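Worksheet: one structure, shown below.
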Amino acid sequence: MTMNNQNVPPAPATHANAANPLNPVSPQAVGVDASAAAGAYAEAASGTTFTGASSGKQRIAVLGAGPMGLAVAYQLARDGHEPVIFEADDRIGGMTASFDFNGLHIERYYHFHCISDHAFLKVLDELGLADKMHWTETKMGYYYKGKVVPWGNPVALLKFPGLSLIAKFRYGLHAFLSTKRNDWKPLDNVEASSWIRRWVGKEAYEVLWRRLFEYKFYNYANNLSAAWIWSRIRRIGRSRYSLFREKLGYLDGGSNTLLKGMRTDIESHGGVFRLKTPVTRVRMEDSVVKGVETPEGFEAFDKVISTIPLPLVSRVMPDLPQDVLAKFGSMHNIAVVCIIAKLRKPVSENFWLNINSPEMDIPGLVEYSNLRPMPHHIVYVPYYVPGEHPLYQEPDAHFIEKVKRYLQTINPDLVEEDFIDIKASRYRYAQPICEPSFPARLPDVALPVKGLWAADTSYYYPEDRGISESIDFGRKMARQAAA
Ligand SMILES: Cc1cc2nc3c(=O)[nH]c(=O)nc-3n(C[C@H](O)[C@H](O)[C@H](O)COP(=O)(O)OP(=O)(O)OC[C@H]3O[C@@H](n4cnc5c(N)ncnc54)[C@H](O)[C@@H]3O)c2cc1C
């Protein structure tokens with residue numbers, strides 16, 4: 001899913017991420033087998049066909065304990081293998097990890113779920129955690145011309161201030177037709193912003209799209225795959241359980257409930273975790289993988305499966321063939337600085353709030369406590385920005401000061417004393433940038449070294465990154481790698 005605010009198309013509307021096609025997250029569309037779709041996309045994108053059989057007990061190193069690495073280890077352990085999970089951080093979870101927000105254990109980055117997150121819901125079921133899942137009817141809004149107005153359904157679009165009827169119609173038509181399209185391939189080598197401009201016209205693009213592109217992708221905004229953006233629009237269109245209502249899910253205890261459940265299951269099936277143990281090099285000889293090097297030394301393995309962000313792969317696998325290294329080296333990623341605020345008062349009644357204001361350099365915010373009941377009002381404001389951009393070099397205080405100002409502008413009732421606490425978290429590789437013809441640039445997940453596999457969230461293109469997609473992909477990759 002993506003900055004969360006949502007640029008919701010008119011007609012059908014949304015699901016969380018869905019709300020804004022550029023939203024950071026990417027939950028799936030309601031009524032659509034998104035996991036299956038993601039798997040199919042992944043296969044198409046990577047050129048890999050996941051088959052599934054597995055044989056003989058193998059000792060396999062898994063790099064990264066985010067949802068994908070956990071899913072790999074979970075599948076391997078359940079299939080009778082011996083996964084050893086190496087995680088650089090002091091905790092499992094990657095982007096879904098939690099922290100102590102002064103007494104509140106909560107994710108560094110907001111997470112919500114959709115009823116089409118099949119792979120995620122299946123694991124919950126297998127772990128006996130299905131009763132921890134709850135569904136809430138959520139609202140979406142748009143902060144535009146100094147006011148919060150409803151957003152995310154056809155009536156909201158019609159009533160949206162300051163847009164001509166023809167602009168609304170073109171915006172709605174594009175969203176509607178996008179939901180009817182099933183084949184992403186013709187859009188794969190098309191540039192997204194010009195594709196949208198052609199359809200919706202200059203006026204609707206300026207008001208409803210431009211800032212989403214610019215405040216999420218900066219210098220990459222005009223070189224994104226239309227298939228990647230389309231998959232979000234389509235998801236939006238299929239994500240509501242009625243034209244006017246959306247229901248999103250959360251777990252009791254947040255993503256940590258899933259993480260703990262998976263870890264316990266992996267360990268009970270013989271898997272081993274090595275936290276604070278970054279893999280510094282994958283050792284390979286004569287095109288056969290031998291094992292991994294960490295600050296603790298060398299450990300031999302039958303196979304190695306990496307789920308760390310692709311831009312880091314070349315660093316830990318410098319012995320790969322040059323053409324493969326060049327492919328990994330050409331991948332770009334967006335970083336995130338995510339501000340989380342604990343408040344005495346709500347900002348608004350919306351879960352998603354899209355923002356188009358010349359005074360604010362953000363495309364939206366997520367008021368998480370409007371999804372999951374919390375002791376205080378919790379708001380996340382993500383700043384997506386390329387890691388090499390000067391903005392990313394600014395200290396946390398820079399973002400915190402702006403966010404406090406913006407929240408008080410959106411809701412003038414909020415005063416300084418209403419801010420109980422506010423913190424920033426950063427993730428350097430928060431999302432791949434999928435340019436036109438993206439799949440052609442991805443190396444195969446089965447690398448040209450026997451026993452060595454590597455993938456990250458890029459591999460389920462054109463789907464956006466998501467917990468369910470990472471789980472689905474990870475389980476399939478594990479089966480294939482162990483076969
Ligand atoms: C702001 C934000 C909001 C989001 N909202 C949602 C949402 O609402 N719903 C949803 O489904 N998804 C959401 N997501 C996406 C979701 O968090 C990701 O899709 C998911 O976490 C990806 O998991 P992964 O395991 O593929 O990658 P990661 O979570 O990135 O895991 C990679 C792991 O590799 C580790 N690592 C890196 N280098 C090394 C090394 N050398 N050795 C060992 N370990 C290493 C990292 O520390 C990390 O733990 C959101 C993400 C962000 C940033």
Hey, any hits in segment 411-422 for a residue that's surrounded by 20 or more Cβ atoms within 10 Å (Cβ to Cβ) and within 12 Å of the ligand (Cβ to nearest atom)? no
Sort out which residues of segment 84-108 are of a type in the set (A, V, I, L, M, F, W, C), farther than 14 Å from PRO278 by Cα and in a strand (DSSP E or B), and write them in order of number. PHE99, PHE101, LEU104, ILE106
For PRO186, indicate whether it is modelled with pLDDT of 95 or more and more than 30 Å from LEU391 (Cβ to Cβ). yes
Quick check on segment 105-137: of everything there that is of a type in the set (Asp, Glu) and either under 19 Å from the mean Cα position of the chain (by Cα) or crowded, with 21+ Cβ neighbours inside 10 Å (or both), which residue is farthest from the ligand (Cβ to nearest atom)? GLU107
What is the one condition in (1) more than 15 Å from the ligand (Cβ to nearest atom); (2) of a type in the set (Ser, Thr, Tyr); (3) within 23 Å of the chain's Cα centre (by Cα) that SER314 does not satisfy? (1)
Please state which of the following conditions PRO150 fails to meet, knowing it meets all the rest: (1) closer than 24 Å to PRO358 by Cβ; (2) in contact (Cβ under 8 Å) with a residue 24 or more places away in the chain; (3) touching a helix residue (DSSP H, G or I) at 6+ places or on another chain (Cβ under 6 Å). (2)
Do we have any residue at all in segment 256-275 that's surrounded by 17 or more Cβ atoms within 10 Å (Cβ to Cβ), part of a strand (DSSP E or B) and not aromatic (Phe, Trp, Tyr)? yes
Selected residue (criterion: farthest from the chain's Cα centre (by Cα)) from residues of segment 76-90 that are within 13 Å of the ligand (Cβ to nearest atom) and within 16 Å of GLY271 (Cα to Cα): VAL84
In segment 423-448, what residues are within 16 Å of the ligand (Cβ to nearest atom) and either without any contact (Cβ under 8 Å) to a residue 24 or more places away in the chain or part of a strand (DSSP E or B) (or both)? LYS423, ALA424, SER425, ARG426, TYR427, ARG428, TYR429, ALA430, GLN431, PRO432
Looking across segment 405-444 at residues that are under 18 Å from the mean Cα position of the chain (by Cα) and polar (S, T, N, Q), the single one that is modelled with the lowest pLDDT is GLN431
Return the only residue of ALA65, ALA73, ALA61 being among the aliphatic types (A, V, I, L, M), in contact with a helix residue (DSSP H, G or I) (Cβ under 8 Å, 6 or more places away or on another chain) and either on the phi > 0 side of the Ramachandran plot or more than 7 Å from the ligand (Cβ to nearest atom) (or both). ALA73
So which residues in segment 449-476 are over 20 Å from ILE334 (Cα atoms), part of a loop (DSSP other than H, G, I, E, B) and within 16 Å of the ligand (Cβ to nearest atom), if there are any at all? none
Picking from ASN102, ASN189, which residue would you name as being closer than 30 Å to ASN222 by Cα, surrounded by fewer than 20 Cβ atoms within 10 Å (Cβ to Cβ), polar (S, T, N, Q) and touching a residue at least 24 places away in the same chain (Cβ under 8 Å)? ASN189
Hey, can you tell me all the residues within segment 309-326 that are assigned to a helix (DSSP H, G or I) and either surrounded by fewer than 18 Cβ atoms within 10 Å (Cβ to Cβ) or hydrophobic (A, V, I, L, M, F, W, C) (or both)? LEU310, LEU312, VAL313, SER314, ARG315, VAL316, GLN322, ASP323, VAL324, LEU325, ALA326
Which of the residues belonging to segment 83-138 are polar (S, T, N, Q) and in contact with a helix residue (DSSP H, G or I) (Cβ under 7 Å, 6 or more places away or on another chain)? THR96, SER98, SER116, THR138
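The values are calculated or read from the model by the stated rules, or taken from the named source; none is laboratory data. What you see is a predicted model; the values in this text were computed from it and never measured. Glycine gets a Cβ as well: all are built from the backbone with ideal geometry, and neighbour counts include every protein chain shown.
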